[in-house]
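The structure appears below as structure tokens.
The values are calculated or read from the model by the stated rules, or taken from the named source; none is laboratory data. Please read all numbers here as calculations on a predicted model, not as lab measurements. Here the Cβ positions follow ideal geometry from the backbone for every residue, glycine too, while neighbour counts run over all protein chains shown. These area figures cover heavy atoms from the full protein model, side chains too; ligands, DNA and RNA do not enter into them. Shrake-Rupley method; radii C 1.70, N 1.55, O 1.52, S 1.80 Å.
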Amino acid sequence: GQLPTWLQGILLRNGPGMHTIGDTKYNHWFDGLALLHSFTFKNGEVYYRSKYLRSDTYNCNIEANRIVVSEFGTMAYPDPCKNIFAKAFSYLSHTIPEFTDNCLINIMKTGDDFYATSETNFIRKINPETLETLEKVDYSKYVAVNVATSHPHYDSAGNTLNMGTSIVDKGKTKYILFKIPPSVPEKEKKKSCFKHLEVVCSIPSRSLLHPSYYHSFGITENYIIFIEQPFKLDIVKMATAYIRGVNWASCLAYHKEDKTWFHFVDKKTKKEISTKFYTDAMVLFHHINAYEEDSHIIFDVIAYSDNSLYNMFYLKNLSKDFEENNKLTSVPTCKRFVVPLQYDKDAEVGSNLVTVPSTATAVKEKDGSIYCQPEILCEGIELPRINYDYNGKKYKYVFATKVQWSPVPTKIAKFNVQTKEMLHWGEDHCWPSEPIFVPSPDAKEEDDGIVLTCVVMTNPKEAPFLLVLDAKTFKELGRATVDVEMHLDLHGMFIPEKDLKTETE
């Protein structure tokens, strides 16, 4: 096929790539050592490269020829020759363990720089052109967080917004929203943007020792949306996991009898809205988009009714009959919540306060809190992406992978949230990755552009390829076959040529 002539830049993606080191094996697919790969588009041609992230974790493991750094699903133990008491003592003195810098989930842009990210306090700067690993940044040096999401947001001024959890700091556990500026003042040229990191606000956790797990958050023009779900981390268990010989993942528990709480922070006042909004227990990883309409906040998420997704990716479950044997016990559901920020304070208890067209409801309870029920937009999509120019605004299209009951995607989809129409691309024995939308330079409409996805074949003898679709019609424009073993990745971004610093700079 043919690539659009305007497509110039790099598709950079990240995911777990190495699961065996020497005689040791990770327990969980999400633990594998980060492998970056990129497709560079230049004058109608595509160049591929991949490289392991040279994290401290990678270097220590490779040097020892075994897993010596713990990951979320795999607890590593020191060399038996080392003094076990010294090691145990160092663990006891840290309630929160020293985390890994195996940044395997996503790519983040800050100013002119790019970082590989995961959910710990460490991120690693990388060169997007050579995939070389550069310095390690520890968020906790600039803001009191122990974990942070790998799904930041970017505002029109070029700031990077992210959230992290501050665990039992000064006797409190809270969720912190922070902002990293795109550049530093002229006179401080040598300093990094992180030195100017600013805490936008903090939201106290409902529980000191059981903060909510979260993978992303939402944003509209005036508000930040944070969902405190009953999928929680048990801090006491986490602090003793090493001594008990269990992994940190076993310290996460889903409390299906609890509520899911919605928090809305006003960006201007930096204060949280005082009304208590909640819904039933659910587990979510990905926010899709959110916007404001007639003093309502409308936000779309992909939610599950249990936490089976994580458990499926234990490597013992990823056998050759994986697709047949592993069925999600809860299908991912695209839910739209509609939350009235302003409503008649004298409204009757039990009345629905939603006044915009939607089947979603927000019902006033006796105690003044508001119970929200969603509109179901569709089922069976994951890894959602949008045209980011529409982030925080009213929008139409979601590009996502289609996963029905299996956790591994077999198709990609374009879903219209307004008409509920869905277009698909799929071929037998193909596993596509998260689809990334790239707008065309003269775009007039939301879906003017292309969609990029990397496709891995279930038959190892067949070569993987990069697929380019017309975003409007979802018809194939072209594919670039890569003669390597490509890994299944997680997330990534497209970097237009103009955003790449040239070496001389």
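Annotation: PHE399 fulfils all but one of (1) within 23 Å of ASP448 (Cβ to Cβ); (2) open to solvent by 10 Å² or more (accessible area, probe 1.4 Å); the unmet one is (2). Do you know which of the residues in the range 277-295 that are in contact with a Leu (Cβ under 9 Å, 6 or more places away or on another chain) and open to solvent by 30 Å² or more (accessible area, probe 1.4 Å) is modelled with the lowest pLDDT? The extreme case among them is SER295. When restricted to residues that are in a strand (DSSP E or B), touching a Leu at 6+ places or on another chain (Cβ under 7 Å) and not aromatic (Phe, Trp, Tyr), the range 414-431 contains 1. Among the residues making up the range 167-199, those that are assigned to a loop (DSSP other than H, G, I, E, B) and over 27 Å from PHE226 (Cα atoms) are VAL184, PRO185, LYS189, LYS190, LYS191, SER192. In summary, LYS109 fulfils each of the numbered conditions (1) surrounded by 23 or more Cβ atoms within 10 Å (Cβ to Cβ); (2) not in a loop (DSSP other than H, G, I, E, B) with the single exception of condition (1). Looking only at residues in the range 12-36 that are in a strand (DSSP E or B) and open to solvent by 10 Å² or more (accessible area, probe 1.4 Å), the one that is nearest to VAL408 (Cα to Cα) is GLY17.
Scanning the range 391-409 for residues that are under 30 Å from SER156 (Cα atoms) and more than 18 Å from the chain's Cα centre (by Cα) yields a count of 5.
Restricting the search to the range 254-269, which residues are closer than 21 Å to ASN311 by Cα, in contact (Cβ under 8 Å) with a residue 40 or more places away in the chain and out of contact with any Phe, Trp or Tyr (no Cβ under 7 Å at 6 or more places or on another chain)? If the condition is that a residue be closer than 21 Å to ASN311 by Cα, in contact (Cβ under 8 Å) with a residue 40 or more places away in the chain and out of contact with any Phe, Trp or Tyr (no Cβ under 7 Å at 6 or more places or on another chain), then LYS256 is the only one that fits. For the range 366-375, the criterion of being closer than 27 Å to TYR154 by Cβ and not in a loop (DSSP other than H, G, I, E, B) is met by no residue. Filtered by the rule that a residue be part of a loop (DSSP other than H, G, I, E, B) and surrounded by fewer than 17 Cβ atoms within 10 Å (Cβ to Cβ), the range 251-266 gives HIS255, LYS256, GLU257. Residue count for the range 37-72 under the criterion of being closer than 25 Å to ASN121 by Cβ, assigned to a strand (DSSP E or B) and among the aromatic types (Phe, Trp, Tyr): the result is 1.
Would you check if there is a residue in the range 332-351 being within 25 Å of ASP300 (Cα to Cα), crowded, with 17+ Cβ neighbours inside 10 Å, modelled with pLDDT of 80 or more and polar (S, T, N, Q)? Within the range 332-351, one or more residues are within 25 Å of ASP300 (Cα to Cα), crowded, with 17+ Cβ neighbours inside 10 Å, modelled with pLDDT of 80 or more and polar (S, T, N, Q). The C-beta contact set for the range 194-208 (first residue modelled with pLDDT under 95 and among the aromatic types (Phe, Trp, Tyr), second residue in a strand (DSSP E or B) and open to solvent by 70 Å² or more (accessible area, probe 1.4 Å), distance under 8 angstrom, 6+ apart or interchain) is empty.
For the range 130-148, a residue qualifies if it is in a loop (DSSP other than H, G, I, E, B), surrounded by fewer than 20 Cβ atoms within 10 Å (Cβ to Cβ) and among the polar types (S, T, N, Q), and exactly one does: THR130. Within the range 172-215, being out of contact with any Lys or Arg (no Cβ under 7 Å at 6 or more places or on another chain), within 26 Å of ILE302 (Cβ to Cβ) and open to solvent by 60 Å² or more (accessible area, probe 1.4 Å) holds for one residue alone: ARG206.
If you take the residues of the range 149-171 that are touching a helix residue (DSSP H, G or I) at 6+ places or on another chain (Cβ under 9 Å) and β-branched (Val, Ile, Thr), which of them is most open to solvent (accessible area, probe 1.4 Å)? So, considering only residues that are touching a helix residue (DSSP H, G or I) at 6+ places or on another chain (Cβ under 9 Å) and β-branched (Val, Ile, Thr), the one most open to solvent (accessible area, probe 1.4 Å) is VAL168. Taking into account only those residues within the range 432-480 that are polar (S, T, N, Q) and buried (at least 22 other Cβ atoms within 10 Å of the Cβ), which is farthest from the chain's Cα centre (by Cα)? Going through the qualifying residues, I end up with THR453.
Taking the numbered list (1) open to solvent by 50 Å² or more (accessible area, probe 1.4 Å); (2) touching an Asp or Glu at 6+ places or on another chain (Cβ under 7 Å); (3) assigned to a loop (DSSP other than H, G, I, E, B) in turn, GLU485 passes all entries but (2). Residues in the range 225-238 include at least one that is outside any helix (DSSP H, G or I), open to solvent by 40 Å² or more (accessible area, probe 1.4 Å) and modelled with pLDDT of 95 or more. Annotation note: of MET486, MET493, the sole residue that is in contact (Cβ under 8 Å) with a residue 60 or more places away in the chain and either farther than 19 Å from MET108 by Cβ or aromatic (Phe, Trp, Tyr) (or both) is MET486.
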